[in-house]
Structure formats: structure tokens, C-alpha cells
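Q: Below is a structure I'd like to ask you about.
All of the numbers you see were taken from the coordinates with simple rules; none came from a lab. Please read these numbers as outputs of a predicted model, since none were measured by experiment.
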Amino acid sequence: MRYRKLRMQDMLREEIASILQRDMKDPGIGFTTIVEVKMSDDLKYARVFCSVYGNDEAKNKTMEALKRSRGYIKFLLGQRIKIKYMPDINFVLDNTQEKVARIEDILKKVAHAPED
């Protein structure tokens with residue numbers, strides 16, 4: 001069952017990224033990258049972690065647009081992936097890349113700071 005869960009997570013990540021890139025015409029969706037998909041053990045729920053480029057306003061606008069279009073994305077997934085039960089999708093904003101960049105900047109400043 002674990003192997004199936006991993007395959008489903010990867011397949012959903014690829015298909016959702018493809019849908020956002022090619023099929024979505026919503027102008028509210030900004031530059032979005034699907035980072036990871038985590039599914040429940042019973043494969044009925046999927047959390048889609050996405051990274052959005054831009055300021056906080058653009059991120060909020062994109063997340064609202066993604067939440068509005070969950071049904072359409074689920075419909076397109078149902079056409080592309082033939083499984084008995086399509087999981088409910090919940091989009092979650094992932095700020096990991098921003099945190100990594102911030103930590104790297106801090107480490108660079110510390111490394112180049114003059115010693116007293």
C-alpha cells in the first residue's frame with residue numbers, strides 16, 4: 001500500500017502541475033510551482049503544497065484562485081487518471097524556499113562580518 005501511495009503522490013503532483021501550466025486560464029493564478037503532494041493513508045485526501053512567486057498580495061490572490069478552482073482541477077484529474085476514487089484536494093502555501101533563502105542570506109552576512 002505504501003508504494004501505491006508514493007506513486008499516487010508523484011502522479012498527482014505531475015498532473016496538477018501540468019493542469020496549472022496548460023489548462024488553467026484564471027488570471028488570478030500567478031507563477032505557481034507544485035512542490036509536493038501528501039496523501040492520507042486511505043488515499044482519500046491530498047494536500048498539495050505549492051510555492052508562489054511574488055509578494056504577499058500575489059500569494060493570497062493565487063491561493064484564493066486555487067481554492068476556487070479545486071473542483072475543476074479535480075474534474076480534469078479524473079479524466080487523466082483512471083482511479084476508483086479521486087482524492088479531495090486541499091492547496092497549502094509552502095514557504096520553504098523563502099525560508100531557505102533567508103537563512104542563506106543570514107549565513108552569508110555572518111560569514112562576511114568582521115570579527116571584533
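Q: With an 8 Å Cα cut-off and a minimum separation of 6 or more residues, compute the relative contact order for the chain in percent.
A: 25
Q: Could you check which residue among Lys99, Lys44, Lys61 shows the biggest mean-square fluctuation in a GNM of the chain with a 10 Å Cα cutoff?
A: Between Lys99, Lys44, Lys61, it is Lys99 that shows the largest mean-square fluctuation.
Q: Given a 10 angstrom Cα cut-off, can you work out which residue in Lys67, Lys82, Lys38 is the most mobile in a GNM of the chain?
A: Maximum fluctuation in the GNM of the chain, among the listed residues, is at Lys82.
Q: To continue, here is another question. Count the lysine pairs in region 2-112 that are 8 or more places apart or on different chains: how many have C-alpha atoms under 16 angstrom apart?
A: 17
Q: Now a separate question. Please work out the C-alpha center-to-center distance from region 74-88 to region 42-60 and express it in whole Å.
A: Using only Cα atoms, the two centres lie 19 Å from each other.
Q: Output the 0 to 90 degree angle, nearest 10, between the alpha-carbon long axis of helix 56-68 and the longest principal axis computed from the alpha carbons of the chain.
A: Tilt relative to the chain: about 10 degrees.
Q: Next up: By how many degrees, between 0 and 90 and to the nearest 10, does the Cα long axis of helix 70-80 differ from the longest principal axis of the chain?
A: So the helix axis and the longest Cα principal axis differ by about 60 degrees.
Q: GNM, the chain, Cα, under 10 Å: largest mean-square fluctuation among Arg80, Arg70, Arg102?
A: Arg102
Q: Oh, and also: For region 1-87, report the % of Cα-Cα distances exceeding 16 Å.
A: Result for the distance tail: 52 percent.
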